[in-house]
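Reading through the structure tokens given below for one structure.
The values are calculated or read from the model by the stated rules, or taken from the named source; none is laboratory data. All values derive from a computational prediction rather than experimental measurement. As a convention, Cβ positions derive from the backbone with ideal geometry for all residues, glycine included, and neighbour counts pool all protein chains shown. Keep in mind that these areas ignore ligands, DNA and RNA; they rest on the heavy atoms of the full protein, side chains included. Shrake-Rupley method; radii C 1.70, N 1.55, O 1.52, S 1.80 Å.
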Amino acid sequence: MPDSHHPSKVTIEDLLRLKKSERPSADFWSNFERELRQKQLSALVGKRAWWHDLPHYFPRRVYLPISAAAVFTFTLISVSRYNAVQVERSQAAVASTAVATFTNTSVPDGKSAVGLDSAPVSSPLVNRADPKVSANAERSTTIAAVRTTAEAQPEPSAKSDALEEDSPSARSIAANFARLEQSDPELISSVLGSRLSSRAKVQSSPTPVLELASLQMNGGRRTRLVASYNDHHFNTDTNASDAVREKLARRLEDHDFNDHFSRVGLNGDKVSLRF
Amino acid sequence: MNLSKVFTKAIITSPERQQEADADFTIVKQVQAGDVAAFDKLILKYRERLFGVVYNLTANREDASDLTQDAFIKAFQSINRFQGSCSFFTWLYKIALNTTLSHLRKNRLRTFFSLEKLNEEGADAQVLEQLTEKKGADRDTYLKELQEKLNEALQKLSIPHRTVITLFEIDGLSHSEIAQVVGCSEGTVRSRLHYAKQFLQGEMGNYLSS
């Protein structure tokens, strides 16, 4: 226990000097020497990693400049690479936009782009016998034939050509449009506006009677009607006016077909529809 | 005499220390020339002093033993880079101190005392007499308690303060040598020393006579 009544002075220095007498025994040093010898041998045999010696080759004062230079270089490389990627992306976006615009607008009148090498996209309402109609039909299917129509162009820009040839996405977009037009022309007409769909409807006016039968019917009533239509070999009276046929074709083409006619009648070899 | 030796002489003012430094440098040259066994002389010469410093910083004899061995191994591995710009013992102390401080920082939350027995033969007999008079049979218990309290108080000091007071009061280095080993100015060494002593006096007040 501490005693506060020591006759002579004991200072903190005296106490600290006492710690000098905290010394290990001789056994400790023999053990120490043996362990140190083992470590020394393993240090001689084992090879240190190269990065352990790295700090010794550079003075401490160059650490900061080297680190700053490394960070600066890394940032510079990152920014330059990022910019390159951004430029490529913007170029690709511009290319795809240009292709879409080109396919919608660049077909000249009177030029028949024959020899389509993409998927067949001819509308069933197209009369292939009529050259006028054929030219118009080609216009409606131009989306699928971007490459061919581009070749048929008298003055397409070199840039557009290169883009179409080099861009598989443009061809795929055009093919998708063509497929969509084939399966759902109403949607195409609503998407592309009146330019293509209205022309397609005009083209459909001289459609032969037999091709009308190939229209996809939806609903049992429509199917029955078409079956009757086929069985009775719809009157191909030459007196029937083109206007009537066009009207009929337009009606049959309509998706609201079932909702628009109110009565179906069979009279001998004639089918009568009342809308 | 090369420039590094002149520089070393300027720092080491004591003639005994200078002779010691020259002798060490000769041995280091032998080791650098390939005489690995010559390094044992340096180990035998400095192991107790180095162990004492590390032990008083860690208050754990096992840790101190391992860290002292590690310091010698590091010195042995790096002996070829020693150019004599400072004395060998300063260089060795720097290595030991850095190894110990790194260990203490890693194990900041783990403090486990493992103290050496106080060797009364090596202690100042007069101080022991003053401390233990009228204690009779409780003398050993009293000394053990004093040792534990002193180590606890030292461990409460921050690492820089503990380092300075250990090197100055226990190992007997001068202010300039401590400044060189620790890497600060002599003024900083004196300041830390003063603060550390004040703190220890406050902690050990019951054991000190007024």
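Contact annotation: residue pairs with Cβ atoms under 6 Å, 6 or more positions apart or on different chains, pairing a residue in the stretch B:29-41 that is within 14 Å of another protein chain (Cβ to nearest Cβ) and without any contact (Cβ under 8 Å) to a residue 12 or more places away in the chain with a partner that is of a type outside the set (D, E, K, R) and open to solvent by 60 Å² or more (accessible area, probe 1.4 Å), are B:38/B:30.
Restricting the stretch B:42-86 to residues that are in contact (Cβ under 8 Å) with a residue 60 or more places away in the chain and within 24 Å of residue A:21 (Cα to Cα) leaves a set whose member that is farthest from the chain's Cα centre (by Cα) is B:59. The helices (runs of 4 or more DSSP H) falling completely within the stretch A:7-76 that include 1 or more residues that are modelled with pLDDT under 85, more than 7 Å from every other protein chain (Cβ to nearest Cβ) and more than 30 Å from residue B:128 (Cβ to Cβ) map to A:26-45, A:50-57.
The numbered conditions (1) buried (at least 19 other Cβ atoms within 10 Å of the Cβ); (2) on the phi < 0 side of the Ramachandran plot are all true for residue B:98 except (1).
Just wondering, is there one or more residues in the stretch B:53-69 that are part of a helix (DSSP H, G or I), hydroxyl-bearing (Ser, Thr, Tyr), over 16 Å from residue B:166 (Cα atoms) and open to solvent by 20 Å² or more (accessible area, probe 1.4 Å)? No, the stretch B:53-69 contains no residue that is part of a helix (DSSP H, G or I), hydroxyl-bearing (Ser, Thr, Tyr), over 16 Å from residue B:166 (Cα atoms) and open to solvent by 20 Å² or more (accessible area, probe 1.4 Å). Pairs meeting the criteria (first residue in the stretch A:83-105 and at pLDDT 85 or above, second residue outside any helix (DSSP H, G or I), beta carbons under 6 Å, at least 6 apart or on different chains) are lacking.
If you check residue B:155 against the conditions, is it more than 10 Å from chain A (Cβ to nearest Cβ) and touching a Cys at 6+ places or on another chain (Cβ under 9 Å)? Here the answer is no, as residue B:155 does not meet what is asked.
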